[in-house]
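Participant: Shown below is the structure under consideration.
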Amino acid sequence: MRIAVDLGSVNEVSARRFAPKATITAVKTRDDAILALQAGRADADVLAAMLGITAVAKNPALGSYRILTNPTVALPATSACAASPIRASARCWTRGSK
């Protein structure tokens with residue numbers, strides 16, 4: 001199986017960990033990975049759930065989107081910096097600094 005992933009992403013890490021026998025091609029961006037799938041240079045693309053669902057909704061020719069159930073992989077979706085009071089935390093999040 002040939003799998004396209006975006007270089008340096010958690011998608012690449014997941015593909016290498018859970019599909020070690022696959023031929024994995026890491027490309028520059030998520031869109032490049034989708035284009036590789038569309039062009040037939042890959043048999044699959046590893047994407048987060050919302051990104052995969054959106055890609056297939058925009059281009060049904062990509063095929064079906066399947067959410068794997070075994071193994072279950074969960075990753076944090078957001079992060080924030082701890083601060084007190086809550087108002088300071090909002091400023092920290094907005095500026096993206098500590």
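Coordinate-derived values only; no laboratory data. Quick caveat, the model's predicted, so the values are computed rather than measured. Don't worry about glycine lacking a Cβ; one is built from the backbone with ideal geometry, like all the others, and counts go over all protein chains shown.
Participant: List the residues whose amide H sits under 5 Å from the amide H of THR25, counting only those 5 or more places along or on another chain, with H placed 1.01 Å from N in the peptide plane.
Facilitator: Excluding prolines and chain starts, which carry no amide H, the hits are ILE3, ALA4, VAL5.
Participant: Would you calculate the separation in nanometres between label points at VAL10 and ASP31, each defined as 7 Å from the Cα along the Cα-to-beta-carbon direction?
Facilitator: Computed distance between label sites VAL10 and ASP31 equals 2.3 nm.
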